[in-house]
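In what follows, a single structure is set out as structure tokens and then discussed.
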Amino acid sequence: MIKLEQVCKRFQRHDKTWFDAVLPLDLHIRQGEIFGLMGYSGAGKSTLLRLINLLERPDAGRVAVDGKDLTAMNAHALRQARRNIGMVFQQFNLLANRTVAGNIAFPLEVAGVARHRIATRVEECLDIVGLSEYAQQYPAQLSGGQKQRVGIARALAPNPHVILADEPTSALDPATTRSVLNCLQDINQRFNVTVVIVTHEMSVIRRICDRTALLHRGQLLEVIDVQGNHINAQSAIGRELVEEA
């Protein structure tokens with residue numbers, strides 16, 4: 001489903017020195033699974049997530065989604081391919097001057113979908129995330145959890161094969177976190193959408209992930225099968241994270 005082959009990414013600091021955000025790594029994420037990217041702050045999790053849809057272009061290596069090599073595409077082909085990859089952001093990134101329905105409609109409008117089809121799809125997505133009664137409200141009128149569910153609905157609107165979620169619960173309280181994770185899990189199970197979620201919280205990994213990659217200072221340490229409370233980490237950092245949870 002998602003294959004990363006020897007991808008890496010460097011950034012230049014203000015003092016002109018370079019640092020490796022992601023060291024060369026290989027990663028295979030299966031169709032229909034919920035896959036975690038886990039590690040402490042600065043591990044390279046969000047950069048790796050953004051390499052999957054080429055919001056960050058790798059300095060080397062290959063990124064393939066659905067068997068298509070994104071790194072070999074021109075700008076037009078990449079825009080088309082990205083329609084199959086939804087994105088959920090930590091800080092929601094909703095348009096303040098648009099209603100909930102307008103926010104969900106936005107990616108469909110950009111894609112040139114017919115107006116009547118947009119209206120139908122927005123209604124469907126609102127129902128999926130449990131926000132039908134909030135269609136005409138604005139982001140400022142919503143709680144954090146509601147905003148994040150609007151973000152999930154917006155990502156889901158184009159019927160993507162993949163949803164990438166960058167720390168989607170880090171700004172939420174525990175009860176709201178559970179509701180957002182339940183929403184992602186429901187979408188995964190009902191529509192077989194592959195979900196890749198960045199988190200530093202082991203509780204998130206335990207709750208919804210099938211597997212997780214452990215990153216530390218840009219390096220992929222291991223990929224761990226998640227079986228409820230039994231997480232058999234092999235690396236010292238992995239065992240540390242498990243024990244802290």
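Observations on the structure shown:
- Sequence-distant residues sharing a close amide H with R211 (under 5 Å, placed H): I34, G36, V226
- Net charge in the neighbourhood of G112 (other residues with Cβ under 12 Å of its Cβ; Lys, Arg +1, Asp, Glu -1) is +3.
- For the chain, the solvent-accessible area of protein heavy atoms averages 48 Å² per residue (probe radius 1.4 Å; ligands and nucleic acids excluded).
- Taking the C-alpha atoms only, the angle from helix 100-110 to the longest principal axis of the chain is near 70 degrees.
- For the chain, the carbon plus sulfur part of the accessible surface works out to 46%, probe radius 1.4 Å.
- Exposure rank, largest accessible area first [L55, L49; 1.4 Å]: L55, L49
The values are calculated or read from the model by the stated rules, or taken from the named source; none is laboratory data. Since we're looking at a predicted model, the values are computed, not measured. In this analysis, Cβ positions are derived from the backbone assuming ideal geometry, glycine residues included, and neighbour counts consider all displayed protein chains. For accessibility, only protein heavy atoms count, side chains too; no ligands or nucleic acids. Shrake-Rupley method; radii C 1.70, N 1.55, O 1.52, S 1.80 Å.
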